[in-house]
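The values are calculated or read from the model by the stated rules, or taken from the named source; none is laboratory data. The shown structure was predicted, so the numbers you read here are calculated from the model rather than taken from an experiment. Please note: Cβ atoms are built from the backbone with ideal geometry, for glycine as well, and neighbour counts cover all protein chains shown.
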């Protein structure tokens with residue numbers, strides 16, 4: 001099997017098997033759970049969320065004040081110490097989110113709702129309008145706090161930090177994520 005020389009991960013298309021999933025990083029009563037639409041193939045192969053070098057997630061979290069230092073993808077589980085968690089709306093990994101159908105995302109809604117109800121975070125932050133629109137069956141989604149809760153949690157929509165999302169500069173992402181961080185700081189005295 002051919003592997004990437006830098007990461008050691010199998011190259012996409014090097015195997016006919018579907019890549020494994022990316023495990024959730026969750027704990028009860030977190031301040032926020034970041035919910036991506038689905039894992040990228042590179043993340044699934046590594047078993048680590050947001051592992052691709054072009055993904056800005058870890059950098060943006062640090063700059064927005066969610067973590068005291070910039071975490072490396074390999075240290076993803078340490079995000080729990082910062083009262084943050086990670087999950088995906090759809091478990092199936094794809095090279096790009098556009099490979100998912102709206103129906104596939106909508107079908108994942110019941111499972112995601114159960115997960116959020118069980119873990120009871122203060123906020124669920126959807127990373128991208130598409131994931132929230134399909135999961136919540138909403139047609140006109142805006143950035144930021146949403147009027148409806150999601151399984152008891154405040155629902156929030158943030159721009160997707162994927163390197164494929166070039167509609168947002170890093171500074172724009174930091175600003176959007178900082179707004180959520182400030183909201184949580186006002187709500188949670190022990191933050």
### Message
Every residue in region 53-73 that is surrounded by fewer than 18 Cβ atoms within 10 Å (Cβ to Cβ), touching a residue at least 60 places away in the same chain (Cβ under 8 Å) and touching a helix residue (DSSP H, G or I) at 6+ places or on another chain (Cβ under 6 Å), please.
### Response
65
## Note on the structure
For region 109-149 the number of residues that are farther than 24 Å from residue 174 by Cα and not in a loop (DSSP other than H, G, I, E, B) is 14
#### Entry: Unmet requirement for residue 139, which otherwise passes all of (1) within 27 Å of residue 23 (Cβ to Cβ); (2) modelled with pLDDT under 90
(1)
### Query
Out of all the residues in region 120-135, is one or more over 16 Å from the mean Cα position of the chain (by Cα) and within 21 Å of residue 26 (Cβ to Cβ)?
yes
### Query
Within region 171-178, is there a residue that is part of a loop (DSSP other than H, G, I, E, B), under 15 Å from the mean Cα position of the chain (by Cα) and more than 22 Å from residue 111 (Cα to Cα)?
no
## Note on the structure
By residue number, the members of region 74-108 that are more than 13 Å from the chain's Cα centre (by Cα), crowded, with 17+ Cβ neighbours inside 10 Å and part of a helix (DSSP H, G or I) are 82, 105
### Among (1) more than 14 Å from the chain's Cα centre (by Cα); (2) touching a residue at least 40 places away in the same chain (Cβ under 8 Å); (3) in a loop (DSSP other than H, G, I, E, B) - the single one residue 160 does not satisfy
(1)
### Task
Say whether the condition of being touching a strand residue (DSSP E or B) at 6+ places or on another chain (Cβ under 8 Å), at pLDDT 90 or above, within 26 Å of residue 52 (Cα to Cα) and surrounded by fewer than 17 Cβ atoms within 10 Å (Cβ to Cβ) is met by at least one residue in region 170-178.
no
### Number of the condition not met by residue 27 [criteria: (1) outside any helix (DSSP H, G or I); (2) touching a residue at least 24 places away in the same chain (Cβ under 8 Å); (3) over 22 Å from residue 110 (Cα atoms); (4) in contact with a helix residue (DSSP H, G or I) (Cβ under 7 Å, 6 or more places away or on another chain)]
(3)
